[in-house]
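The values are calculated or read from the model by the stated rules, or taken from the named source; none is laboratory data. Keep in mind that what you see is a predicted model, and the values were worked out from it rather than measured. Backbone-built Cβ (ideal geometry, glycine too); neighbour counts: all protein chains shown.
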Amino acid sequence: MERILDIFFSGLALLVLSPFLIPIVIFLRITGEGEIFYLQERIGREGEVFKLYKFATMLKNSPNMSTGTVTVKNDSRILPAGRVLRKTKINELPQLLNIFIGDMSVIGPRPLTIQTFSSYSIEIQEVIKQVRPGLSGIGSIIFCGEEDILAGGNGSVDFYNNVIAPYKGLLEEWYVRNRTLKIYFAAIFITAWVVIFPKSTLAWRVFSGLPIPPVALRVPLNYQD
């Protein structure tokens with residue numbers, strides 16, 4: 001049933017949004033480095049690697065610069081137009097193609113690069129690989145302001161690997177073990193909600209029983225007991 005919903009929602013969204021997406025494609029082509037899409041290898045269902053589509057928002061060589069595949073707030077590798085696209089999450093919309101062809105789902109664990117996926121424990125990796133990764137999901141909702149968290153003293157790969165990744169892995173594991181159509185639809189609604197109201201605590205109230213975040217993340221994640 002979830003796969004049927006994925007095809008329906010992604011197909012409908014591509015149709016409805018096409019008049020909006022085409023001008024973005026043209027704008028990206030004539031600005032920045034002239035790149036429209038950024039294709040990056042991500043870990044998918046059963047550990048298979050697939051090409052994830054995004055609008056190009058960073059320098060072409062960004063994975064080999066600075067913090068690699070981890071993006072921090074005010075990252076110098078982000079192009080001017082890219083800041084707007086990333087802030088509004090518009091840069092993620094090309095992943096509707098990944099959903100339509102079956103690489104991804106609308107809701108699921110966020111697909112990670114090999115570098116960032118390896119920061120999860122082996123046990124959590126095996127759980128996450130049971131389902132298709134998602135355009136959004138519990139981890140994406142709770143960490144909607146991840147780039148802001150990775151700012152100042154927290155803007156390091158060590159902080160990501162030792163604090164953020166372990167907790168995000170627990171959130172993704174929670175989703176896989178508790179996934180239902182009710183959570184699927186709730187996550188779609190709350191994804192839109194937190195884009196508009198990023199400081200909202202609604203997710204903590206709707207998804208009861210989420211793992212408690214470590215002390216260092218409770219304030220940044222707007223945690224509500």
Q) Is one or more of the residues making up region 150-166 in contact with an Asp or Glu (Cβ under 8 Å, 6 or more places away or on another chain) and either buried (at least 22 other Cβ atoms within 10 Å of the Cβ) or of a type in the set (A, V, I, L, M, F, W, C) (or both)? A) yes
Q) In this structure, is Y223 of a type in the set (S, T, Y), over 21 Å from G134 (Cα atoms) and surrounded by 14 or more Cβ atoms within 10 Å (Cβ to Cβ)? A) yes
(Q) Which pairs turn up if I take residues in region 106-118 that are under 9 Å from E172 (Cβ atoms) and look for partners that are outside any loop (DSSP other than H, G, I, E, B) and aliphatic (A, V, I, L, M) with beta carbon separation below 7 Å, at least 6 apart in sequence or on another chain? (A) P109/I128; P109/V176
Q) Of the residues that make up region 165-179, is at least one without any contact (Cβ under 8 Å) to a residue 24 or more places away in the chain and in a loop (DSSP other than H, G, I, E, B)? A) no
Q: Considering only region 1-50, state which residues are of a type outside the set (A, V, I, L, M), more than 16 Å from I101 (Cα to Cα) and either modelled with pLDDT of 95 or more or in a helix (DSSP H, G or I) (or both).
A: S18, P19, F20, P23, F27, R29, E46, G47
Q. Among I183, I190, I142, which is the only one that is more than 17 Å from V215 (Cα to Cα), surrounded by 19 or more Cβ atoms within 10 Å (Cβ to Cβ) and touching a residue at least 40 places away in the same chain (Cβ under 8 Å)?
A. I190
Q) Here are some conditions: (1) modelled with pLDDT of 90 or more; (2) more than 15 Å from the chain's Cα centre (by Cα); (3) closer than 19 Å to R42 by Cα; (4) not aromatic (F, W, Y). I212 meets all but one. Which one does it not meet? A) (3)
Q. Only one of (1) more than 22 Å from I7 (Cα to Cα); (2) under 16 Å from the mean Cα position of the chain (by Cα); (3) surrounded by fewer than 23 Cβ atoms within 10 Å (Cβ to Cβ) is not met by I122, so which one is it?
A. (2)
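Listed here are the residues, each with its yes/no results for (1) surrounded by 11 or more Cβ atoms within 10 Å (Cβ to Cβ); (2) closer than 30 Å to E126 by Cα; (3) touching a residue at least 40 places away in the same chain (Cβ under 8 Å).
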| residue | (1), (2), (3) |
| --- | --- |
| R3 | yes, yes, yes |
| D6 | yes, yes, yes |
| S10 | yes, yes, yes |
| L14 | yes, no, yes |
| P19 | no, no, no |
| I24 | yes, no, yes |
| I30 | no, no, no |
| Y38 | yes, yes, no |
| G47 | yes, yes, yes |
